[in-house]
1. State the answer as a single residue: which of Gly171, Leu150, His187 lies farthest towards the positive end of the charge dipole of segment 129-227, with beta carbon charges of +1 for Lys and Arg and -1 for Asp and Glu, about the Cα centre.
2. Give me a comma-separated list of calculated 3J(HN,Hα) values for segment 105-121, in order, Karplus coefficients 6.51, -1.76, 1.60 applied at θ = phi - 60°, integers in Hz, x for any Gly or Pro.
3. When the Karplus curve 6.51 cos²θ - 1.76 cosθ + 1.60 is applied with θ = phi - 60°, which whole-Hz ³J(HN,Hα) does each residue of segment 183-192 get, with x for Gly and Pro?
4. Near the amide H of Ile34, under 5 Å away, which other amide H atoms are found, from residues 5 or more places off or on another chain, if H is placed in the peptide plane?
5. As an exercise, use a Förster radius of 35 Å and the Cβ-Cβ distance of Asn195 and Lys148 to find the FRET efficiency, rounded to the nearest 0.05.
6. Leaving out same-chain residues fewer than 8 places away, which aspartates and glutamates sit with a Cα under 17 Å from that of Lys148?
7. For segment 74-133, what does the alpha-carbon gyration tensor say about shape, rounded, prolate or oblate, given a ≥ b ≥ c as the root eigenvalues, a/c under 1.5 as rounded, and a/b over b/c as prolate?
8. Report the label-to-label distance for Glu79 and Asn33 in nanometres (one decimal), using points 7 Å from each Cα along the Cα→Cβ vector.
Amino acid sequence: MNPARAAALVRLAGSMLLPASLAAVSLSAQAANIYTCINAKGQRITSDRPIVECIDRTQELRNTDGSVKQVVPPSMTAEERAAHEDRLRQEMAAGAVKRDAIRRDRNLLSRYPDEPRHQRARTAALEPLNTALQATERRLTELEHDHKRLQQEAEFYKDRDLPRELKIKFGQNQAALQAQQDAAQNHLAEIQRINASYDQELVRLRRLWAGAAPGSVSPPASSSATR
């Protein structure tokens, strides 16, 4: 046989053996996955894939030598799966809350690295309200003075009807007094709210300044005051 023909025969034999070798590898990989379990009747079942009959019980994935490669837990029932998904949702929600608390505390520390900085922020937040409250109180004093003057003027009409113009002035004065009193109450309520918010924030900051990890400080029992 000439050398060229011999080489051609070798190549042909190699091309025929390659698919066979790949198939052997595939069969070997499948044989390596041996599932086994004891069914509800007490019978041992073996398969090369997860056993549907044992979906509600533990299965063992074994190696070809019989050793246990992996223990496969029972599949969940619909109720168990729903409970598991609910637990996952709760864990995800708790994780989101935790991450938000860590982010908030880090921002807080960045904004207020010490107590004097926090106190300056409180003062700045209260300043416009204190200014507005002082202006309201001055206006109230003026209106109360006008009310006394109108009362003195009304004494001239004792036992008589007040002139229409004087009645109008009394009405305007009373309305203005009420408006300023309402404004003063609103200013005071806002000042109280802001102070409460800074007080709660300061309690948290003092623990963070002392070394507490961001996100580890529980919020106050009542934390409705926000800025």
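Bear in mind these aren't lab numbers, they're just calculated from the coordinates by the rules spelled out. Bear in mind the structure is a predicted one, so any value in this text is a computation, not a measurement. As a convention, Cβ positions derive from the backbone with ideal geometry for all residues, glycine included, and neighbour counts pool all protein chains shown.
1. Highest projection toward the positive end goes to His187.
2. 5, 5, 5, 5, 5, 5, 6, 10, x, 8, 5, x, 5, 5, 5, 5, 5
3. Each residue of segment 183-192 in turn: 5, 4, 5, 5, 4, 5, 5, 5, 4, 5 Hz.
4. Under 5 Å from the amide H of Ile34 lie the amide H atoms of Arg62, each far enough along the sequence or on another chain.
5. For R0 = 35 Å, the calculated efficiency reads 0.55.
6. Glu137, Glu165
7. prolate
8. Simple spin-label model gives 3.2 nm for this pair.
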